[in-house]
Each structure stands twice: as C-alpha cells, then as structure tokens.
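The values are calculated or read from the model by the stated rules, or taken from the named source; none is laboratory data. Model, not experiment: these values are computed from the prediction. Glycine also receives a Cβ, built like all others from the backbone with ideal geometry; neighbour counts cover every protein chain displayed. Ligands, DNA and RNA are stripped out before the accessible areas are found, and what is left, the full protein with its side chains, is counted by its heavy atoms. Shrake-Rupley method; radii C 1.70, N 1.55, O 1.52, S 1.80 Å.
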There are 2 protein chains.
Amino acid sequence: MTKPLILISNDDGISSPGLHRLIDYVHHLGDIVVAAPDGPCSGKSAALTVNAPLRITEHPDYNGAIMRSVSGTPVDCIKIAMHNIVPRRPDLVLSGINHGSNAGNSIIYSGTMGAAMEACMIGIPAIGYSLLSHAIDADFSETEHYIEQITKAVLAKGLPKDVCLNVNFPAKCKIEGMKVVRAADSHWTEEYQQYVDPNGKPFYWLSGKIVNEEPDNSETDLYWLDRNYATVVPSCSNRNAVNALPFMKEIL
Amino acid sequence: MTKPLILISNDDGISSPGLHRLIDYVHHLGDIVVAAPDGPCSGKSAALTVNAPLRITEHPDYNGAIMRSVSGTPVDCIKIAMHNIVPRRPDLVLSGINHGSNAGNSIIYSGTMGAAMEACMIGIPAIGYSLLSHAIDADFSETEHYIEQITKAVLAKGLPKDVCLNVNFPAKCKIEGMKVVRAADSHWTEEYQQYVDPNGKPFYWLSGKIVNEEPDNSETDLYWLDRNYATVVPSCSNRNAVNALPFMKEIL
C-alpha cells in the first residue's frame, strides 16, 4: 500500500533544527518531502513572490526525506512544491517546528502558518507546529509525543473545510498536557527602536511585545501556554465576515 | 472642530497613480497622512519586517496630504506610521486604490488588505480599495462616487470588531451599482513558467489564474464583478475557527 505523502515546510529555512526534528518525529508516518525556504522567512505571513523568479535547490536526503529549498516565502514553497516537487498529491502538510511562538494574534504574521493556510486553501489537511523558544539549540524533545499524536489523528480523520491547526508548545519545561482552544484576543505594541546611521540619518527596528487582552480566559491558547500546556487552535483560511453582512447592508 | 484623521497606505508604493486618486477622492473628508511602501509590494499579505531596519522617507505634500514612504511592507507602513508618523490616532485607515483585483481568495495574499487588516486588529476602521486593472494608466474615475459613499458611511458608523472591508471595482466599464457580498470560494491554479538561465539552470516564475468555484452564486464578489458591479466584502482579521473546536476535541 502507498504510504501517506507528507509535505513539510517552515519559515526558518531548510537548515533549521526545528525542521529536522519535525522530520525525525514523523518520518515513520509516511513518505516525507521537504520544500522549505532557502533562509529565514519569519514574519512573511502568506506573502508570495510575484515579481521575481524562484529557484529550487537540491539538498542531501535527511532521515529518508527528500530535501528541497526554494528562494522564496513559505507560501511559495507550498505552491512550487505542488507544481514541481511532490511526486503525488500530499495527504498532509506540516509546517515547522517553528523556533518561536505563533500563539495569540501572531498567527497573522506567521510564515509557518502562511504555509499551512496555503495547503488548507487547496484542500490538504495542514498543521503548523511552533515552540515558544527562538534559541537555535532549543530542546524540542518534549514535543515529540504530541506531534506524533496530532499528526496521526489528522492523517486518520482529516480536518474540516477551510480549517488548519496552529499548534504551540511551551519551552523549557515538562509539557503538562494538551488543550484544544481558540487564540487569545491579543495585539502587538507598536514599538520601534530608533538608531542613527553613520551619515546621521535615522533608521528603525521593530521591537514590541504581544499583549494578551484576556489573560484570565481559560478558553484561549495564551492562558494554557503560560501554564505549560501545548495548545491546538483550529484556524480558518476563509476571511469572510458573514456576520457583518447585515450591518454593512444597513449603512451603505 | 478637529477633522477626522485618515491614514492611507497601499501595496503598489508611494508613486502609484491609484494612491494619488484615492487621496483626490477623500481629501475633503479629513486630514490625510500617507505612509506607503517605497516600491511595489504586491503579494506581501500581512508580512512584516523583523530582521532588517526600516527607513522613513519624506515626500512633498500631495493635494494637502502629508506623504511618507517606508522601506518595508504595507503592514510595516501601518505599524511605523502609528509609532512615528501620525500626529494623533487615525479615525480611519484606507488602503489602495490597488492596481489589480483582490476579490475571491486573493485577499489572502493581498498587501493592500494586509494594511487594512493591521489597522482592523488595533481597532481602527479600515477599508481596502482595488480596481480590476493592473494598467499604470488605468481609469479610476468611475470609482470616485463609490469610494466617497463607502468612506463617509464608515467614518460615520464605524465597523464591527475584527471586521474590515475589501472593496473591488470592475475596470473599463460603467459601474452598474454596488453589492455587499462575501468573497467567492476560489483558488489559484499553481502554474509556473519554467525558464533556463544563461548557465543552463532552471528558474521559475509564478503564473496561474484564479478559479471561481461557485460562478453562479449571486451572494459572492466574483459574480457581481463579472457583471460590472462594485463589491463590498466584510472581512475578518480573526483567524479562529471556533466551529471546529468540537471536532478537534473529539479526534484528539
């Protein structure tokens, strides 16, 4: 019997340790093909490359996985993989393991989830995995059990139309369990550190922190991540706000 | 009395004709501040710049508007404008007029709508305007009446929480009217044109077309744009798929 085909991407790039750990944790569940960006693409959201060419670079197989990198964004990786890399339609797309949180409203900016959303939109079940640590030597080992469980469940049962999963793991702790929740209402403070270049001209660098607007709500991801639980957030690729149609019809 | 402050961005860049027409069409409705990308950012979605500095460049006032460009994405423009450019909190954010469609599922990749979503997430009413023509000399004049009407209504009444508007206009025709609808279920074909560089190595360029999955559905934007109507689509910045929570709790 043909094994399931699992296409893996990420936003930290082909050489990211988190990507390699994800391959290690799921390689026994199917045939693995990787299409990841050449380099870091954090914050790329669902951006795609329209005004420049793309290259595909071959890399040595890793733990049985076919490895390709793409000179574009996570969304570009999924699109060109579907066209030029995968030998058949994938049964599942995984993205990650991201070095850093995609909880709360960070999903909006996340390249990890951009790749997952892209797969979701073409009807392939998709899961983004993220660990709440940016460290290059972060310890992913606590996530293995949960990644295997979630990946197996989605391979077996699929996901509803227009829904993908945004899974976040706490770092530097024993993971206490797993919660299926929604993303917390949250926002980023708009802060920029200001510098002066050698010519006396200013430049700016994004800093800023995420603010949880509902810190006491146990139905949200940020609440449980704070308490050392993994969180599974069903996330929607469809942007329609159909509940707002009556309001708009009234005011226009 | 203080006039409303309207912050305008886009994804085609500070020199785009569509941006200048938008200023022309709304300058009498408030004080206008523009923060637009230095150059083209089509397809940038909600990408932001995390690993590079940003510059802000001053430009001469245009039709009473303060003009600034930013060396980043549409989302960067909104974020840094809120921090370093606007004299007070904007009452409204407009994005556009985009040269090209953002109808159907194109909203996912749209830098125009990335800027609008960013404003929406910080609680500022926001509207993206797009014309279905990529021509640099596109005729925007038919859109003026509708842009004024929609902008005035939103200035007066606001928008529901987490909702912004994605407004598309047909091109090269008399606009027959305006419809408040949802975005059509649609997808892009993953097509890449393949080339060979002077060294014999392949490179790829995204082509592909949008496919309307429900062409006969009169509750959708693509249906009415085909029939020369402007379309107003309420769009959600919140990605939670709360309807899928029971399914996920069952399978995990």
Looking for whichever is in a helix (DSSP H, G or I) and either farther than 25 Å from B:Leu206 by Cβ or modelled with pLDDT under 95 (or both) here; the options are B:Asn51, B:Asn84. Which one fits?
B:Asn84
Complete set of residues in the range B:215-252 that are open to solvent by 30 Å² or more (accessible area, probe 1.4 Å) and acidic (Asp, Glu)
B:Asp216, B:Glu219, B:Asp226, B:Glu250
Subset of the range B:212-227, residues under 18 Å from B:Trp188 (Cα atoms) and either in contact with a His (Cβ under 8 Å, 6 or more places away or on another chain) or not in a loop (DSSP other than H, G, I, E, B) (or both), comes to B:Asn212, B:Glu213, B:Thr220, B:Asp221, B:Leu222, B:Tyr223, B:Leu225, B:Asp226
Within the range A:87-100, restricting to residues that are under 29 Å from A:Val181 (Cα atoms), in a loop (DSSP other than H, G, I, E, B) and within 13 Å of chain B (Cβ to nearest Cβ), the one that is farthest from the chain's Cα centre (by Cα) is A:Pro90
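Kindly indicate whether A:His134 is under 30 Å from B:Ile78 (Cβ atoms), within 16 Å of the chain's Cα centre (by Cα) and open to solvent by 10 Å² or more (accessible area, probe 1.4 Å).
Judged against the criteria, A:His134 is a match.
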Unmet requirement for A:Gln149, which otherwise passes all of (1) in a loop (DSSP other than H, G, I, E, B); (2) facing chain B (nearest Cβ under 10 Å); (3) not hydroxyl-bearing (Ser, Thr, Tyr)
(1)
Quick check, is B:Ser186 out of contact with any His (no Cβ under 9 Å at 6 or more places or on another chain), farther than 24 Å from A:Tyr192 by Cβ, modelled with pLDDT under 95 and among the hydroxyl-bearing types (Ser, Thr, Tyr)?
yes
Within the range B:163-190, track down each residue that is facing another protein chain (nearest Cβ under 7 Å), assigned to a loop (DSSP other than H, G, I, E, B) and touching a strand residue (DSSP E or B) at 6+ places or on another chain (Cβ under 8 Å).
B:Ala183
Complete set of residues in the range A:166-210 that are more than 30 Å from B:Phe247 (Cβ to Cβ), in contact with a Phe, Trp or Tyr (Cβ under 8 Å, 6 or more places away or on another chain) and touching a residue at least 12 places away in the same chain (Cβ under 8 Å)
A:Tyr192, A:Gln193, A:Tyr204, A:Trp205, A:Leu206, A:Ser207, A:Gly208, A:Lys209
Examine the range A:192-209 for a residue that is under 23 Å from A:Gly111 (Cα atoms), touching a strand residue (DSSP E or B) at 6+ places or on another chain (Cβ under 7 Å) and of a type in the set (Val, Ile, Thr), and state whether such a residue exists.
no
Return the residues of the range B:218-252 that are touching a residue at least 12 places away in the same chain (Cβ under 8 Å) and under 23 Å from B:Lys161 (Cα atoms); say none if nothing qualifies.
B:Glu219, B:Thr220, B:Asp221, B:Thr231, B:Val232, B:Val233, B:Pro234, B:Ser235, B:Cys236, B:Ser237, B:Asn238
Flag for B:Asp24 being in contact with a strand residue (DSSP E or B) (Cβ under 6 Å, 6 or more places away or on another chain) and open to solvent by 10 Å² or more (accessible area, probe 1.4 Å):
no
Per the list (1) open to solvent by 50 Å² or more (accessible area, probe 1.4 Å); (2) under 29 Å from B:Ala119 (Cα atoms); (3) touching a Gly at 6+ places or on another chain (Cβ under 7 Å), residue check on B:Ala183 breaks on (1)
